[in-house]
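Some notes on the structure that comes next.
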Amino acid sequence: MEFVFFCEFIDGIIQLVEFFYNPTLLFTSCTTKNKELMEFLNIEASPYTPFIQFSKETGVMEISGRSIPEAPDDFWNPIISWFEEYSKSPAIETVFKINLDYFNIASSKRILFLLYKLNKMSIDNKRVVKVLWCYKLNDEDMYEVGQDYKYMVKVPFEFMILDESEVLTSTPK
């Protein structure tokens with residue numbers, strides 16, 4: 001319990017520092033003085049970081065592209081902080097859409113952390129949650145990673161194949 005409190009304290013400090021020093025984050029709306037949650041979190045993709053679009057109103061969270069940030073904490077901590085705030089008062093249904101071509105081990109750890117938070121949110125807040133795991137037709141590695149995550153968390157997963165023309169089609173669960 002003390003370790004969790006310490007981690008939350010450190011995460012808060014990191015979030016404050018990053019708020020002032022990370023100009024790549026584009027927030028659609030701002031927090032108010034009484035610490036209400038931002039309605040949206042949007043981060044544009046780069047060659048090293050994925051596109052992020054989280055919406056409190058719709059409950060749709062999307063991560064897509066490639067995730068190999070040079071400074072993983074600088075990139076992922078604001079996302080994790082936003083999601084932790086969201087999980088305190090989530091939408092009735094949350095859909096976590098992951099559509100990544102490639103991600104490194106540092107990103108893998110952060111994604112797993114978000115999935116654990118999603119699992120906790122479903123139990124604590126009695127909300128409907130699911131993960132929509134997208135992968136390319138012949139990308140067995142990305143499919144297997146999704147299966148591994150599904151095994152590690154108790155959140156329902158839906159697997160979607162992304163074909164060459166970018167059309168999503170469902171696969172058996």
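Does any residue of region 66-84 turn out to be of a type in the set (Lys, Arg) and either surrounded by fewer than 17 Cβ atoms within 10 Å (Cβ to Cβ) or in contact with a Cys (Cβ under 8 Å, 6 or more places away or on another chain) (or both)? Reasoning before the result, please.
Let us first name the residues in region 66-84 that are of a type in the set (Lys, Arg), namely 66.
Narrowing further to those that are either surrounded by fewer than 17 Cβ atoms within 10 Å (Cβ to Cβ) or in contact with a Cys (Cβ under 8 Å, 6 or more places away or on another chain) (or both): none.
No, the conditions are met nowhere in region 66-84.
Which numbered condition in (1) modelled with pLDDT of 95 or more; (2) more than 19 Å from Met142 (Cβ to Cβ); (3) in a loop (DSSP other than H, G, I, E, B) is the only one that Pro69 fails?
All conditions are met except number (2).
Do we have any residue at all in region 40-48 that's of a type in the set (A, V, I, L, M), over 29 Å from Glu158 (Cβ atoms) and either part of a loop (DSSP other than H, G, I, E, B) or at pLDDT below 90 (or both)?
Just the residues of region 40-48 that are of a type in the set (A, V, I, L, M), to begin with: 41, 43, 45.
Adding the requirement that they be over 29 Å from Glu158 (Cβ atoms) leaves none.
Looking for residues that are of a type in the set (A, V, I, L, M), over 29 Å from Glu158 (Cβ atoms) and either part of a loop (DSSP other than H, G, I, E, B) or at pLDDT below 90 (or both), one finds none in region 40-48, hence no.
Please work out if Trp133 is among the aromatic types (Phe, Trp, Tyr), part of a helix (DSSP H, G or I) and crowded, with 17+ Cβ neighbours inside 10 Å.
Values: among the aromatic types (Phe, Trp, Tyr): yes; part of a helix (DSSP H, G or I): no; crowded, with 17+ Cβ neighbours inside 10 Å: yes.
Spelling it out, it is not the case that Trp133 is among the aromatic types (Phe, Trp, Tyr), part of a helix (DSSP H, G or I) and crowded, with 17+ Cβ neighbours inside 10 Å.
I need the full set of residues from region 87-98 which are surrounded by fewer than 20 Cβ atoms within 10 Å (Cβ to Cβ) and either acidic (Asp, Glu) or not in a loop (DSSP other than H, G, I, E, B) (or both), in order please. Talk me through it step by step, then tell me what you get.
Step one: of region 87-98, the residues surrounded by fewer than 20 Cβ atoms within 10 Å (Cβ to Cβ) are 88-89, 91-93, 95, 97.
Answer for region 87-98, where residues must be surrounded by fewer than 20 Cβ atoms within 10 Å (Cβ to Cβ) and either acidic (Asp, Glu) or not in a loop (DSSP other than H, G, I, E, B) (or both): Lys88, Glu93, Val95, Lys97.
If I filter region 147-161 for residues that are surrounded by 19 or more Cβ atoms within 10 Å (Cβ to Cβ), out of contact with any strand residue (DSSP E or B) (no Cβ under 8 Å at 6 or more places or on another chain) and not hydrophobic (A, V, I, L, M, F, W, C), do I get at least one hit?
The answer is no, given that none of the residues of region 147-161 is surrounded by 19 or more Cβ atoms within 10 Å (Cβ to Cβ), out of contact with any strand residue (DSSP E or B) (no Cβ under 8 Å at 6 or more places or on another chain) and not hydrophobic (A, V, I, L, M, F, W, C).
The values are calculated or read from the model by the stated rules, or taken from the named source; none is laboratory data. These figures come from a predicted structure and were not determined experimentally. Because the Cβ atoms are built from the backbone with ideal geometry, glycine has one as well, and the counts that use them run over all protein chains shown.
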